Amino acid sequence: MSEDLVARVLAVAIMLLVGFPVHEFAHALAAYRLGDSTAKHLGRLTLNPIAHFDPLGGILLAVTFIGSSFGFGWAKPTPVNPNNLEGGRYGEAIVAAAGPISNFILAVIVALPLRYLGDNPDLAQQIPALVLDVLVFFVFINVVLMVFNLFPVPPLDGSKVLFAFLPPRLSWQWRPILEQYGFILLLLLFFFPPGDSIGGRVISPVIFGIFRFLVGV
């Protein structure tokens, strides 16, 4: 097994144990602070990775990142009752945004020492290349998940942020339609045509721009 493959496997494992749980915990905590205890009552206000693990989403992350270098996956969605949230649809937007924001925070936390090491090559040489590769991959996956989740199409988090800032009448008219057909729309945007999708062309420059800025390359 090559060192690159080992690093990818380890990065995926850390995402399943840390990245995904933190993302879903952020949703649950934001909802709890805004008055909704649904996630807490269902045992989801926790960093325990078992509580948030989704087999299909975890497998897909492993397959896509190890096989194509562009990780895509998910954890078990955090249950939220919007009717309990303070602030109405703005409260729902805050809860939705909390997940991607947590991914950004994780990426920044790990990217800071990478930037420092980049400015101090002598120190960087003392750290095993495998460790550096895992850290770089961890930052990249978190940036991918942050940007992808903010894409404003249901069921992604960005859709709830979008609905919060649309005029109420427009949101009321379009939300049921987009929520019904959002998954199909995502498939069309990100998988057709294969290898050159519209969605990929939109978010790839954003992902790589943020990633390069964070790690300083």
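Scanning segment 45-79 for residues that are in contact with a Ser or Thr (Cβ under 6 Å, 6 or more places away or on another chain) and surrounded by 21 or more Cβ atoms within 10 Å (Cβ to Cβ) turns up just one, 71.
Checked against the criterion of being at positive phi and either over 12 Å from the mean Cα position of the chain (by Cα) or not polar (S, T, N, Q) (or both), segment 83-99 has at least one qualifying residue. Inspect all residues belonging to segment 147-168 and state whether any of them is modelled with pLDDT under 90 and of a type outside the set (S, T, N, Q). Yes; the residues of segment 147-168 include at least one that is modelled with pLDDT under 90 and of a type outside the set (S, T, N, Q).
Pull up segment 168-217, narrow it to residues that are in contact (Cβ under 8 Å) with a residue 60 or more places away in the chain and among the small types (Gly, Ala, Ser), then point me to the one that is surrounded by the most Cβ atoms within 10 Å (Cβ to Cβ). Out of the qualifying residues, it is 171. Confirm whether residue 153 is touching a helix residue (DSSP H, G or I) at 6+ places or on another chain (Cβ under 8 Å), buried (at least 17 other Cβ atoms within 10 Å of the Cβ) and of a type outside the set (S, T, N, Q). So residue 153 fits the description; yes. Only residues that are of a type in the set (Asp, Glu) and either surrounded by 15 or more Cβ atoms within 10 Å (Cβ to Cβ) or within 25 Å of residue 2 (Cα to Cα) (or both) were counted in segment 80-120, giving 1. Please work out which residue is farthest from residue 39 (Cα to Cα), limiting yourself to segment 15-26 and to residues that are surrounded by 17 or more Cβ atoms within 10 Å (Cβ to Cβ) and out of contact with any His (no Cβ under 6 Å at 6 or more places or on another chain). Selected residue: 15. Selection of segment 33-44 for residues being surrounded by fewer than 18 Cβ atoms within 10 Å (Cβ to Cβ) and either aromatic (Phe, Trp, Tyr) or over 16 Å from residue 77 (Cβ atoms) (or both) yields 33, 35, 37.
Look at segment 26-48: where a residue is under 20 Å from residue 149 (Cα atoms) and charged (D, E, K, R) and a partner is modelled with pLDDT of 95 or more and open to solvent by less than 50 Å² (accessible area, probe 1.4 Å), sitting 6+ places away or on another chain with Cβ atoms under 6 Å, you get 44/28; 44/51; 44/78.
Residues in segment 121-143 that are in a helix (DSSP H, G or I) and either surrounded by fewer than 16 Cβ atoms within 10 Å (Cβ to Cβ) or without any contact (Cβ under 8 Å) to a residue 12 or more places away in the chain (or both): 7 in all.
The values are calculated or read from the model by the stated rules, or taken from the named source; none is laboratory data. Quick caveat: nothing in here was measured; it's all calculated off a predicted structure. Heads up, the Cβs are rebuilt from the backbone with ideal geometry, glycines too, and the neighbour counts pull from every protein chain shown. Calculation scope for accessible area: heavy atoms of the full protein, side chains included, ligands and nucleic acids excluded. Shrake-Rupley method; radii C 1.70, N 1.55, O 1.52, S 1.80 Å.
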